[in-house]
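Working notes, beginning with the structure itself.
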Amino acid sequence: MSMMRLDKLLCDMGIASRSELRQIIKSGRVMVDGVPVTAPEKRIDSEKAHILLDGRELRYKKFRYYMMDKPEGVLSATEDPRQKTVLDLLEGDMRRMGLFPVGRLDKDTSGLLLLTNDGDFAHRVISPKSGIWKLYRAEVEGDLGQEDAEAFESGLVLGDGTQCLPAKLHILGPGTCLVRVTEGKYHQVKRMLASRGAPVLRLRRLAIGGLSVGGERGAGGFRELEEADISALFGQDALEHLV
Ligand code: URA
């Protein structure tokens, strides 16, 4: 049983702000288990209660998972006094769900970014111990070759002595490559490619595990993950042959 205040529960669901909800509840628009509840502080069982707002059923989901196609020029942060963050791209209700980005993409990197309010999930996706791939497409200055791919495979040592885990480099053509890593150190992909004399001009994350960017209505678009997406995310091995 997980008892919560009714106004807090509805707020966590992203229905409205806490103060708006107090008014909504007091005005008798909310029914819990068939009975109108007008006390915002009323504690109810978030897992079992049957809640109606204006006759419409509401379902409580403790954890939320979204994917976004992050555009360039936006910070992977929850707030910033001066610059636009990925949270600013979300619709009103979603800003109240306690979402945060799962790891970071640099301001000038675009592509797949996950957002959640589930810390364990975020840790599982980010932790190198989970071995979840992050796949990037990079446009670089300079040439890369087989030797560079082998160096990636053996685990690069960056300029400052940082040891990287084995990674994959797949050259697509002059100045374009795919990089697959299982860790997310600061500016990792840029530093890896720079260490091979190929500074990055443009970087886009195409996939995390078996989940690819796409279907979020273009740059800045987002959508809630479905169960199949989560399975794809952790079921990356099916895609081993691609990179
Ligand atoms: N590696 C980078 O260098 N930048 C990113 O945004 C992500 C991975």
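What the table shows:
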{"read-out": "Amide H contacts of Val102 (H built 1.01 Å from N, under 5 Å, at least 5 apart or other chain)", "value": "Leu114, Leu115, Thr116"}
{"read-out": "Extension gain from Lys185 to Lys42, taking 0.36 nm per residue of separation minus the Cα-Cα distance", "value": "47.0 nm"}
{"read-out": "Accessible area (Å², per residue) of the chain, counting only protein heavy atoms and a probe of 1.4 Å", "value": "52"}
{"read-out": "Efficiency of FRET between Arg59 and Gln83 - r from beta-carbon atoms, R0 41 angstrom, step 0.05", "value": "0.75"}
{"read-out": "The stretch 3-58: C-alpha gyration tensor shape, a/c 1.5 cut-off, then a/b vs b/c", "value": "rounded"}
{"read-out": "Estimated FRET transfer efficiency (Asp93, Ser154; beta-carbon r; R0 41 Å; 0.05)", "value": "0.30"}
{"read-out": "When each of Lys70/Lys190; Lys107/Lys168; Lys26/Lys61 is checked by Cα-Cα distance, pairs over 21 Å", "value": "Lys107/Lys168; Lys26/Lys61"}
{"read-out": "Length released on extending from Lys26 to Ser130, taking residue separation times 0.36 nm less the Cα-Cα span", "value": "32.8 nm"}
{"read-out": "Ellipticity estimate at 222 nm from DSSP helix runs (n ≥ 4, -39,500 (n - 2.57)) divided over the chain, nearest 500", "value": "-5500 deg cm²/dmol"}
{"read-out": "Neighbourhood net charge (15 Å Cβ-Cβ; Lys/Arg +1, Asp/Glu -1) for Lys129", "value": "+1"}
{"read-out": "Most fluctuating residue given options Leu58, Leu99, Leu75, as computed from a GNM of the chain linking Cα atoms under 10 Å", "value": "Leu58"}
{"read-out": "Over the chain, relative contact order from alpha-carbon pairs under 8 Å, at least 6 apart, %", "value": "18"}
{"read-out": "Share antiparallel - DSSP beta bridges, the chain, percent rounded to 5", "value": "90"}
{"read-out": "Residue-wise HN-Hα coupling along the stretch 223-233, computed from phi with Karplus coefficients 6.51, -1.76, 1.60 (Hz; x: Gly, Pro)", "value": "8, 6, 6, 9, 4, 5, 5, 5, 5, 4, 4"}
{"read-out": "Neighbourhood net charge (14 Å Cβ-Cβ; Lys/Arg +1, Asp/Glu -1) for Pro36", "value": "+1"}
{"read-out": "The stretch 65-242 - percent of accessible surface contributed by carbon and sulfur, probe 1.4 Å", "value": "48"}
{"read-out": "Potential extension, Val35-Ser17 segment - 0.36 nm per residue separation minus Cα distance", "value": "4.2 nm"}
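The values are calculated or read from the model by the stated rules, or taken from the named source; none is laboratory data. Values in this document were obtained by computation on a predicted structure and should not be read as measured data. Because the Cβ atoms are built from the backbone with ideal geometry, glycine has one as well, and the counts that use them run over all protein chains shown. These area figures cover heavy atoms from the full protein model, side chains too; ligands, DNA and RNA do not enter into them. Shrake-Rupley method; radii C 1.70, N 1.55, O 1.52, S 1.80 Å.
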